[in-house]
Amino acid sequence: MSTQTYRLSISGVHKKNTAAAWSPDSKFLVTADKERVCVWNMETKASVKTHEKLVANVKNHGHPAAWSPKGDTIALADPKVGVVLLDAKFYTIKHVLKHKKCVSVAWSQSGEYLASAGYDKYVRIWDPITGRELAMVKHSSKIYDVAFSPSRNIIASGSKDGIRVFDVNGAIIQDIPSRQTIKNITWKDSAHLVFATDVKNFGVVNVEAYSVEWQKSQEEPIYSIDSKEKVIALGCNDGIVKIVDAFNGTPIKIYQVLKKNVVCVRFNPTGSFIAVCNNKGEVRVIAYSE
């Protein structure tokens with residue numbers, strides 16, 4: 001079990017399930033729950049802005065908050081109104097994109113497109129500048145997560161019926177069926193998707209070969225995943241963050257970060273820190289090195 005010091009430690013601000021997202025320069029971290037949204041300066045470790053009326057629908061899956069690649073906008077999945085686009089400089093609302101029961105949001109690499117996924121069984125693709133809906137893709141059941149490819153305008157979504165891959169026009173490229181519900185997805189690279197299911201399994205899908213490259217199971221349920229280059233971070237329900245090899249799932253490190261369910265793990269853009277949030281509103285940022 002690896003020990004660590006906290007780059008940032010937040011307690012008492014959020015009360016329940018909390019999510020985090022990094023600014024592209026790693027200088028700021030946004031945290032959100034069902035009661036408030038906060039933006040933190042990582043240098044001063046102080047909150048620079050708190051919105052009491054802005055919330056995110058944080059569950060044990062998906063990406064409820066996402067910072068745009070250009071650094072100018074924060075997207076929040078609000079279950080009641082849809083996607084809230086927050087100006088990252090002035091912290092004012094740019095747009096509210098209507099999407100019922102929205103639970104996950106994702107930006108394209110260029111920031112030209114935004115995707116949102118919801119329990120309404122739809123992925124919606126938006127122009128974040130105008131707020132116009134460009135396309136939609138429907139699943140046969142609830143959608144739990146959505147992710148943009150790191151180098152192409154290709155989107156993946158996860159649901160009870162598996163993983164669906166499609167383009168920004170809504171044209172389906174492929175379906176990868178699963179007997180297990182896909183709760184979390186993220187891209188390892190432009191050809192591989194990392195996934196976690198509702199029954200303690202995780203693995204990597206080769207999108208180009210239409211097949212699961214490898215899959216493993218563990219004792220504890222996985223509530224969040226993230227990937228950075230050669231490794232995958234698993235946020236588990238016992239407060240542990242497990243780092244595994246992205247090429248075969250072999251455990252590399254285990255961090256006992258929090259005592260309760262980890263509902264969010266997020267590498268910063270350089271891969272040097274991991275933001276960890278749990279279902280009690282606690283947030284910790286730990287240093288990571290191979």
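The values are calculated or read from the model by the stated rules, or taken from the named source; none is laboratory data. This structure is a prediction, so every number in the text was calculated from the model and none was measured. All Cβ positions, glycine included, derive from the backbone under ideal geometry; neighbour counts span all protein chains shown.
Taking residues in segment 37-57 that are free of Cβ contacts under 8 Å to residues at least 40 places away in the same chain, and partners anywhere that are of a type in the set (Asp, Glu), the pairs with Cβ atoms closer than 9 Å and at least 6 places apart or on different chains are 52/35; 54/78; 55/33; 55/35; 55/78; 56/33; 56/78.
Kindly indicate whether residue 260 is in a loop (DSSP other than H, G, I, E, B) and basic (Lys, Arg). So residue 260 passes the test.
Within segment 175-199, being modelled with pLDDT under 95 and either of a type in the set (Ser, Thr, Tyr) or on the phi > 0 side of the Ramachandran plot (or both) holds for 178, 190. Out of all the residues in segment 96-141, which are aliphatic (A, V, I, L, M), under 14 Å from residue 167 (Cβ atoms) and either in contact with a Leu (Cβ under 6 Å, 6 or more places away or on another chain) or part of a loop (DSSP other than H, G, I, E, B) (or both)? 125, the sole residue that qualifies.
Does segment 43-54 hold any residues that are in a loop (DSSP other than H, G, I, E, B) and touching a strand residue (DSSP E or B) at 6+ places or on another chain (Cβ under 6 Å), and which are they? Listed by number, the residues that qualify are 45, 54. Checking every residue in segment 233-254 against the condition of being in a strand (DSSP E or B), basic (Lys, Arg) and touching a residue at least 60 places away in the same chain (Cβ under 8 Å) gives at least one match. Of the residues making up segment 125-170, those that are acidic (Asp, Glu) and at pLDDT 95 or above are 127, 133, 145, 167.
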